[in-house]
Amino acid sequence: MTRPLLTGARAGVVPCAACGLLSRKHGPEEEPGNCPRCGEALAFRLHDPIQRTWALIIAASICYLPANLLPVMTTKTLQSVVPTTIIGGVVRLYADGSWVLALIVLVASVMIPLGKLLALAYLLITVQLRSVRRRRERARLYRILKAIGRWSMLDVFVATFSVALVRFRPFMSVSPGSGVLFFTAVVILTIFAADTFDPRLIWDSGGTPRGEK
Amino acid sequence: MAPLPQDIVACPDCDLLQRMPALPPGGTARCLGCGLMLWLKRPGSLDRTMALAVAALIAFLLANVEPLMEVSFAGRTSSTTILGGAQAMWLQGEKVTAVLVALFVVVAPALEIVFMLAVLLAARRPPAPRWVGVLMRWTEMSGVWSMVGVMMLGILVSLVKIASLATVEPGIGIFAVGALVFLLAAISASFNPREIWPRVRWTNGEGPGAMR
């Protein structure tokens, strides 16, 4: 699609990120100032969205490995000490016959964080290549990312309440593993990553008439 | 420069300038560019949100006071509240996670509900003071980190896991959590910040229409 889209940035109009009020930029100077209604600092686009989002994605990817390799909880009984990783927990739920819950945990703990990292990287790369293809789909992808990110906290809550409830020392007790901390870090970093990405960048690349810069 | 017409909006997701049509009650407006839901017009949404927020406050208090479930094993029982979960993590050495869990399932939802009630109460008599705008921003931020629904599912998963080892009895708390999840979802579906903003006093002392 090469039809020029009249965006706020092209028209010199800034929508306030807090209250949505449109303000017109007064002069040619760079800084648009503050919103006259709510006082929020105005900006045409978020500050350094591409660099910041990449940084957060890389940090989250680094935490993703220990989050999955280290145990999230350890079950101690008189006979045994069994550490469980995220995947181990999924396998155990499946083996116990609750395959629906196994699937839910698999989606929330493995597929959502991994999918979120890959999808954000895809959005960043397409924006950096100034792609104009599938912009509506990419916009929808971004909205889905923002909505589902929190669900990867699921396993942290499972560990928390298992630890709080299974306290029958020395017969049976559950203690948290160090994977929990890394896992929480992945979730928080990816939520921040989705927040620092500016979806308006998806639309900035195209839209100017053919042959025009 | 001519002032912008009041019905022109910029989509927050794609920055496309467009005219907001006059919507019938119950109507919705989507962005022409990216398809984002721009406006959901519901008659009486402020009153309905207020009722839901009061109910959510009660559910929240119950959910935090009552035990979530009781587990029996080898002649002993143990039970926990929401904060008890965070406390158990703290005592087991996972202090960072304990604090974050408490933030996500106790502090953030509490702020979300209290700020929402304050905004709704103050906006009943326009012009509302400036802090209403600030609180609205804070409500939004608390909502991002409020994870009651995720916690609910987490409790259910741990319940199923524990049930294969010990006897599990659900408590009042878990039902209150269920109600709270439903009420928070209903609040975010019925609340429309665009209905509040025109009622808020401007920081520069000018009113609506003084658009520059």
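The values are calculated or read from the model by the stated rules, or taken from the named source; none is laboratory data. Only a predicted model underlies this, so the values are computations on that prediction, with no experimental measurement involved. Because the Cβ atoms are built from the backbone with ideal geometry, glycine has one as well, and the counts that use them run over all protein chains shown.
Candidates are the residues of region B:194-205 that are under 18 Å from B:ARG125 (Cβ atoms) and at the interface with another protein chain (Cβ under 10 Å from one of its Cβ atoms); the one that is surrounded by the most Cβ atoms within 10 Å (Cβ to Cβ) is B:VAL200. For A:SER162, the stated conditions do not hold, so it cannot be described as polar (S, T, N, Q) and within 28 Å of B:LEU17 (Cα to Cα).
Here is a yes/no grid of residues against (1) at pLDDT below 90; (2) under 20 Å from A:VAL100 (Cα atoms); (3) within 11 Å of another protein chain (Cβ to nearest Cβ); (4) out of contact with any helix residue (DSSP H, G or I) (no Cβ under 8 Å at 6 or more places or on another chain):
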site: B:VAL132; (1), (2), (3), (4): yes, no, yes, no
site: B:TRP138; (1), (2), (3), (4): no, no, yes, no
site: B:SER146; (1), (2), (3), (4): no, no, yes, no
site: B:GLY149; (1), (2), (3), (4): no, yes, yes, no
site: B:GLY154; (1), (2), (3), (4): no, yes, yes, no
site: B:LYS161; (1), (2), (3), (4): yes, yes, yes, no
site: B:LEU165; (1), (2), (3), (4): yes, yes, yes, yes
site: B:GLY178; (1), (2), (3), (4): no, yes, no, no
site: B:ALA186; (1), (2), (3), (4): no, no, no, no
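So if I check each of A:TYR64, A:TYR94, which one is part of a helix (DSSP H, G or I), touching a helix residue (DSSP H, G or I) at 6+ places or on another chain (Cβ under 9 Å), under 30 Å from B:GLY93 (Cβ atoms) and touching a residue at least 60 places away in the same chain (Cβ under 8 Å)? Outline the logic, then answer.
Values: A:TYR94 fails: touching a residue at least 60 places away in the same chain (Cβ under 8 Å).
Answer to the check: A:TYR64.
Residues in region A:90-101: is at least one more than 21 Å from the chain's Cα centre (by Cα) and among the acidic types (Asp, Glu)? If you could, list the steps in order and put the result at the bottom.
Narrowing region A:90-101 to residues more than 21 Å from the chain's Cα centre (by Cα): A:90-101.
Then keep just the ones that are among the acidic types (Asp, Glu); that gives A:96.
Yes, because at least one residue in region A:90-101 is more than 21 Å from the chain's Cα centre (by Cα) and among the acidic types (Asp, Glu).
Among the residues of region B:47-67, is any among the aromatic types (Phe, Trp, Tyr) and in contact with a strand residue (DSSP E or B) (Cβ under 9 Å, 6 or more places away or on another chain)? No: zero hits.
Contact annotation: residue pairs with Cβ atoms under 8 Å, 6 or more positions apart or on different chains, pairing a residue in region B:131-142 that is closer than 15 Å to B:ARG201 by Cβ with a partner that is modelled with pLDDT of 85 or more and outside any helix (DSSP H, G or I), are B:VAL132/B:ALA123. Looking at region A:112-125 only, could you name the residues that are surrounded by fewer than 19 Cβ atoms within 10 Å (Cβ to Cβ) and either among the polar types (S, T, N, Q) or over 12 Å from the mean Cα position of the chain (by Cα) (or both)? The answer is A:TYR122, A:ILE125.
Would you point out the residue of region A:40-84, among those that are within 11 Å of chain B (Cβ to nearest Cβ) and farther than 21 Å from A:ASP198 by Cβ, that is farthest from the chain's Cα centre (by Cα)?
Restricting attention to region A:40-84, the residues satisfying the condition of being within 11 Å of chain B (Cβ to nearest Cβ) are A:40, A:44-45, A:72-75, A:77-78, A:84.
When the remaining residues are screened for being farther than 21 Å from A:ASP198 by Cβ, the result is A:72-75, A:77-78, A:84.
Details: A:VAL72: 21, A:MET73: 24, A:THR74: 28, A:THR75: 30, A:THR77: 37, A:LEU78: 41, A:THR84: 25 Å.
That would be A:LEU78.
May I ask you to say which residue of A:ARG167, A:ARG200, A:ARG136 is at the interface with chain B (Cβ under 9 Å from one of its Cβ atoms), touching a Gly at 6+ places or on another chain (Cβ under 9 Å) and surrounded by fewer than 21 Cβ atoms within 10 Å (Cβ to Cβ)? Full working, then the answer.
On the way: A:ARG167 fails: touching a Gly at 6+ places or on another chain (Cβ under 9 Å); A:ARG200 fails: surrounded by fewer than 21 Cβ atoms within 10 Å (Cβ to Cβ).
Sole residue among the options that is at the interface with chain B (Cβ under 9 Å from one of its Cβ atoms), touching a Gly at 6+ places or on another chain (Cβ under 9 Å) and surrounded by fewer than 21 Cβ atoms within 10 Å (Cβ to Cβ): A:ARG136.
Identify, from the list A:PHE171, A:PHE197, A:PHE183, the residue that is within 17 Å of A:ASP48 (Cβ to Cβ) and of a type in the set (Phe, Trp, Tyr). Explain how you work it out, then say what you get.
On the way: A:PHE171 fails: within 17 Å of A:ASP48 (Cβ to Cβ); A:PHE183 fails: within 17 Å of A:ASP48 (Cβ to Cβ).
Exactly one of A:PHE171, A:PHE197, A:PHE183 is within 17 Å of A:ASP48 (Cβ to Cβ) and of a type in the set (Phe, Trp, Tyr), namely A:PHE197.
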